[in-house]
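These notes are about the structure you will find just below.
The values are calculated or read from the model by the stated rules, or taken from the named source; none is laboratory data. Source: prediction; values computed, not measured. Positions of Cβ are backbone-derived with ideal geometry, glycine not excepted, and every protein chain shown enters the neighbour counts.
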């Protein structure tokens, strides 16, 4: 394949991944790195660099749309970004130190876990009984739109959430993914933030987190423009189309199919990583 | 106060969209240019060599753009994309300053510093 053909094919794969990623909420980035390494034989470091860039594009695009709906909480996002950006830089440095086969295995495990998380039922309301004084001091609580009008919410277990966010940032920097599933886990599960607020604030944070590790990747020569170009453009167009088609029922089948694809890629990554082929 | 915050949300939303569209356009233009010129080359990403120096830093990329290298133009587009969330944080610094929110002004400055420190290479000297 010459560069032109390679770009077109990779662009199409990127578009498909972005489309399915947006529809299912898993994010397009999660499958791009395995597809590039397993199908196209790209070195995982170039693949991670290209994927990370596309993650910034999709999250910024989605965040722009979410902001208008009033779900995102900028205070929560900004406070937790301290943890995710520092984590991302730590992760990106770690990525330059550990063997690529280990990166493959970790990515496979993270993929499996994200696919599992996406199948879990989405809790709607949290009980608001206990108070975290740190959350009050940081003015993290806010309100969000529901079918029954604006609903106020409080934030709990701020320290735990902050620590988990450092971990989510580290995974993002290590593997070049958005690690949205882990950010949502920290906000929704640990900090008891309503699910919709968690997902849209997570989207808001992904771009900033990724931008932090992008600096390290850039300086180490992981970001190849000719490879990143079709990936970034394909994933952006795909997720834009995917976001337009967001509607509950029909996406269930797609969600299962995409989840299965992710699982197969994950197992393949782990297998090849353990075999030292990555 | 609430209205002020809604206004901030709206501006950030426009900022993010403009950044992504601009970046994607530059990447696309650079990509078409590169492929028109060197589309018949066989790409090789199988072995990792790392990018050449001029594609590894903001200053290097800018020099390549001025030298009309299509690869540098694509990389410049990618830098615009990386700059988009950074610009968003920078805008938040101003927004919190206007709202006289000292705590969040300080927190946002921390995030901005980390981002700029990372992009500037953190004193990393490439071999």
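What the table shows:
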item	result
Residue in segment B:113-124 that is in a helix (DSSP H, G or I) and more than 9 Å from chain A (Cβ to nearest Cβ) present	yes
Among (1) surrounded by 15 or more Cβ atoms within 10 Å (Cβ to Cβ); (2) under 19 Å from the mean Cα position of the chain (by Cα) - the single one residue A:260 does not satisfy	(1)
Failed condition for residue A:158, given (1) at pLDDT below 90; (2) on the phi < 0 side of the Ramachandran plot	(1)
The one condition in (1) at pLDDT below 90; (2) within 19 Å of the chain's Cα centre (by Cα); (3) surrounded by 18 or more Cβ atoms within 10 Å (Cβ to Cβ) that residue A:269 fails to fulfil	(1)
Some residue of segment A:217-226 being in contact with a helix residue (DSSP H, G or I) (Cβ under 9 Å, 6 or more places away or on another chain), crowded, with 24+ Cβ neighbours inside 10 Å, more than 9 Å from chain B (Cβ to nearest Cβ) and over 30 Å from residue A:2 (Cβ atoms)	no
Residue within segment A:139-152 that is free of Cβ contacts under 8 Å to residues at least 40 places away in the same chain and under 24 Å from residue B:82 (Cα atoms) present	no
Yes/no for residue B:83 being within 10 Å of chain A (Cβ to nearest Cβ), surrounded by fewer than 22 Cβ atoms within 10 Å (Cβ to Cβ), farther than 22 Å from residue A:89 by Cα and in contact (Cβ under 8 Å) with a residue 40 or more places away in the chain	no
Residue in segment A:229-241 that is more than 13 Å from chain B (Cβ to nearest Cβ) and closer than 30 Å to residue A:152 by Cβ present	no
Residue match in segment A:248-256 (condition: assigned to a helix (DSSP H, G or I) and within 18 Å of the chain's Cα centre (by Cα))	yes
Hits in segment B:32-56 - residues which are under 18 Å from residue B:73 (Cα atoms) and more than 7 Å from chain A (Cβ to nearest Cβ)	B:32, B:33, B:36, B:37, B:52, B:53, B:54
Listing of helices (runs of 4 or more DSSP H) fully contained in segment A:1-115 that carry 1 or more residues being touching a residue at least 40 places away in the same chain (Cβ under 8 Å), touching a helix residue (DSSP H, G or I) at 6+ places or on another chain (Cβ under 9 Å) and surrounded by fewer than 24 Cβ atoms within 10 Å (Cβ to Cβ)	A:3-24, A:44-69, A:74-95
From the options A:200, A:239, residue that is in contact (Cβ under 8 Å) with a residue 60 or more places away in the chain, farther than 21 Å from residue A:85 by Cα and part of a helix (DSSP H, G or I)	A:239
Counted residues, segment B:94-104 - those being more than 8 Å from chain A (Cβ to nearest Cβ) and surrounded by 18 or more Cβ atoms within 10 Å (Cβ to Cβ)	2
All positions within segment B:21-74 that are under 18 Å from the mean Cα position of the chain (by Cα), surrounded by fewer than 21 Cβ atoms within 10 Å (Cβ to Cβ) and assigned to a loop (DSSP other than H, G, I, E, B)	B:57
